[in-house]
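Enquirer: Below are the C-alpha cells for one structure; questions will follow.
The values are calculated or read from the model by the stated rules, or taken from the named source; none is laboratory data. These numbers come from a predicted model, not from an experiment. Here the Cβ positions follow ideal geometry from the backbone for every residue, glycine too, while neighbour counts run over all protein chains shown. Keep in mind that these areas ignore ligands, DNA and RNA; they rest on the heavy atoms of the full protein, side chains included. Shrake-Rupley method; radii C 1.70, N 1.55, O 1.52, S 1.80 Å.
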Amino acid sequence: MEKRSARQRLREFFSIFRTEIKYIFSDSGVILIMFGAVIIYSTVYSFAYSTEVLRDVPVAVVNNDNTQESREFIRKLDATPNIDVAYAAPSLDEAKDLFLARKVYGIIVIPHDFAKDIYSGITTDVVIYADGSYLLIYKQVLNDLTNTVLYNNAQIKALRLMQKGAGMEQALAVSNPVIPGIQSTFNPYLGYGSFAMPAILILIIQQTLLIGIGMIGGTWREKNLYRKLIPEEREYLSALPILFGKTAAYFLSGAAVMLFVFGFQYKLFHFPMNGHFGDIAMFLLPYLLSVIFLGLAISSVLVRRENSIILILFTSIPLLMISGISVPREAMPEWLYELGKIIPSSNAINGFIRIQSAGATLREVFPEYMMLWILTGIYFLLAALEMRSLAHKVYVQE
C-alpha cells in the first residue's frame with residue numbers, strides 16, 4: 001500500500017510539473033517577464049555601465065591671472081583623466097551660464113596674483129564649483145583638482161629648496177616625503193558597473209521570477225484552474241506534490257536564467273569573477289529556492305495576474321536600498337537593515353558580491369548562506385500551507 005501511495009504521489013508530482021511547464025511556456029506575458037525581461041534588463045544595464053568609469057568631465061576655467069604659471073596649472077588640470085577643460089570663460093558670470101546650460105559640470109576660478117602670491121610665499125586660493133547634484137561628477141572633478149593642486153604644491157616647494165642649494169633628489173624627497181601607494185582590490189578600475197551590476201542582477205532575477213510566478217498563480221485563480229489539481233479518481237491531492245511540482249518547474253527556469261546571466265553575460269561584460277563555481281552554485285541554491293517558495297506563497301493569494309506586477313514593481317527600489325548596496329548600511333537605521341533580511345535578495349546580494357567579486361569562500365559568507373536556508377524553510381512552510389488550503393477548498397467544492 002505504501003509503495004502504491006508513493007508511486008501515486010510521484011505521478012501527481014510529474015503531472016503538476018508538466019502542467020506548470022505548459023503554462024510557463026504558453027503564456028507570452030510570463031515568457032516576456034521571466035526570460036525576456038531578464039535578458040533585456042541585464043543587457044541594457046550592462047551596456048549602460050560598460051564604460052565603468054566617468055572620464056573627461058567638461059569644466060570651465062576662469063583664469064583671472066593669465067600668467068605662464070596659471071596657464072601651466074590649467075594644462076596640468078586638462079592632462080588629468082577625469083577633467084576636460086572645455087571652456088576658458090572670461091568671467092565667472094559667463095562660466096555660470098555655461099554651467100546652467102549643462103555644457104560644463106564644474107567651474108574652476110584662478111585668482112588674480114596667482115603667480116605673484118606663489119613667488120611671494122603667500123597662500124593663494126583656487127576656487128572650484130562642482131555639480132553636487134551628481135555625486136559621481138562631483139567626485140571626479142574634486143579628486144583631480146585636489147591631486148593637481150597637491151602635485152603643483154610639491155613642485156613649487158621642491159623648486160624653492162633647489163634655489164636654496166638643495167640637490168634635486170633631496171628637494172623632491174623633502175617636498176613630497178610620503179607617497180601613498182593605492183591598490184584597489186576586487187575592482188581595480190573603481191568601475192561603477194563592477195560595483196552595481198552584481199546587486200542589480202540578483203534583484204532583477206528575484207523580481208522577474210516573483211512576477212512570473214504571481215502571474216501564473218493569478219491566472220489559475222481567475223480561470224478557476226485549481227480544480228484540475230483533483231485527480232480523476234477524485235481523491236484528495238495533498239499539498240506536497242503540488243508544491244514540489246511547481247517548484248521543480250520554476251527551479252529549472254530560474255537556473256537556466258542564472259546560468260545565462262552569471263555564466264555568459266558576466267564574461268561578456270568582464271565583470272569581476274573571482275569566486276569558485278562550486279561556492280557560487282551552492283550559495284545561489286537556497287536563494288533560488290527561497291524566491292520560488294516566496295513567490296508561490298504570494299501567488300496563492302493573488303486574485304488577478306496583474307496584481308503581482310503592481311506588487312513586485314512597487315517594491316523593487318526599496319528592496320535595492322535596504323540591501324545595503326544602493327545606500328550604505330552605516331547610513332540607514334539598523335532596524336531597517338535587519339528588517340530587509342527577510343527578503344532573499346538582501347542576503348543574496350551581500351553574499352554573492354563577496355564570493356563573486358572578492359573571491360570569498362562559502363564558509364566566509366556562512367551567515368548569509370544560513371539565513372537563505374532559514375528563509376527557504378519559512379517560505380516553504382507558508383507556500384505548503386497555502387497550497388494545502390487551496391487543494392482542500394477545491395476538493396470540498398468538487
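Enquirer: Restricting attention to segment 97-136, report how many residues are among the charged types (D, E, K, R), surrounded by 15 or more Cβ atoms within 10 Å (Cβ to Cβ) and either touching a Phe, Trp or Tyr at 6+ places or on another chain (Cβ under 8 Å) or touching a residue at least 60 places away in the same chain (Cβ under 8 Å) (or both).
Expert: 1
Enquirer: Of the residues that sit in segment 97-136 and are of a type in the set (Asp, Glu) and in a loop (DSSP other than H, G, I, E, B), which one is farthest from LEU54 (Cα to Cα)?
Expert: ASP113
Enquirer: If a residue must be outside any helix (DSSP H, G or I) and out of contact with any His (no Cβ under 9 Å at 6 or more places or on another chain), how many such residues does segment 65-96 contain?
Expert: 15
Enquirer: Exactly one condition in (1) part of a helix (DSSP H, G or I); (2) open to solvent by less than 90 Å² (accessible area, probe 1.4 Å); (3) in contact with a strand residue (DSSP E or B) (Cβ under 9 Å, 6 or more places away or on another chain) is false for LYS139; which is it?
Expert: (2)
Enquirer: Need the failing condition index for LEU302 against (1) open to solvent by less than 30 Å² (accessible area, probe 1.4 Å); (2) outside any loop (DSSP other than H, G, I, E, B); (3) in contact (Cβ under 8 Å) with a residue 60 or more places away in the chain, just the number.
Expert: The failed condition is (2).
Enquirer: So which of ILE342, ILE353 ends up being in contact with a Pro (Cβ under 7 Å, 6 or more places away or on another chain) and among the β-branched types (Val, Ile, Thr)?
Expert: Going through ILE342, ILE353 in turn, the sole match is ILE353.
Enquirer: Give the residue that is farthest from PHE262 (Cα to Cα), with candidates limited to residues of segment 325-360 that are open to solvent by less than 20 Å² (accessible area, probe 1.4 Å) and not in a helix (DSSP H, G or I).
Expert: Within segment 325-360, the match that is farthest from PHE262 (Cα to Cα) is ALA360.
Enquirer: Do we find that ILE322 is more than 13 Å from ILE211 (Cβ to Cβ) and buried (at least 21 other Cβ atoms within 10 Å of the Cβ) in this structure?
Expert: The answer is yes for ILE322.
Enquirer: All but one of (1) over 30 Å from LEU313 (Cα atoms); (2) without any contact (Cβ under 8 Å) to a residue 40 or more places away in the chain hold for SER28; state the number of the condition that does not hold.
Expert: (1)
Enquirer: In addition: Give ARG7, ARG55 a once-over and let me know the one that is in a helix (DSSP H, G or I) and more than 30 Å from GLY214 (Cβ to Cβ). I'd like the intermediate steps shown before the answer.
Expert: Numbers: ARG55 fails: in a helix (DSSP H, G or I).
The match here is ARG7.
Enquirer: Do we find a residue being loosely packed, with under 15 Cβ neighbours inside 10 Å and not in a helix (DSSP H, G or I) anywhere in segment 146-165?
Expert: yes
Enquirer: With the requirement that a residue be open to solvent by less than 40 Å² (accessible area, probe 1.4 Å) and within 30 Å of ILE242 (Cβ to Cβ), what does segment 36-65 give you?
Expert: Hits for segment 36-65 are GLY36, ALA37, VAL38.
Enquirer: Now for a separate question. If I filter segment 44-65 down to residues being of a type in the set (S, T, N, Q) and at pLDDT 90 or above, which single residue comes out as farthest from ARG102 (Cα to Cα)?
Expert: Ranking the qualifying residues of segment 44-65, first place goes to ASN64.
Enquirer: What tally of residues in segment 80-96 results from selecting those that are open to solvent by 50 Å² or more (accessible area, probe 1.4 Å) and under 32 Å from the mean Cα position of the chain (by Cα)?
Expert: Selection size over segment 80-96: 2.
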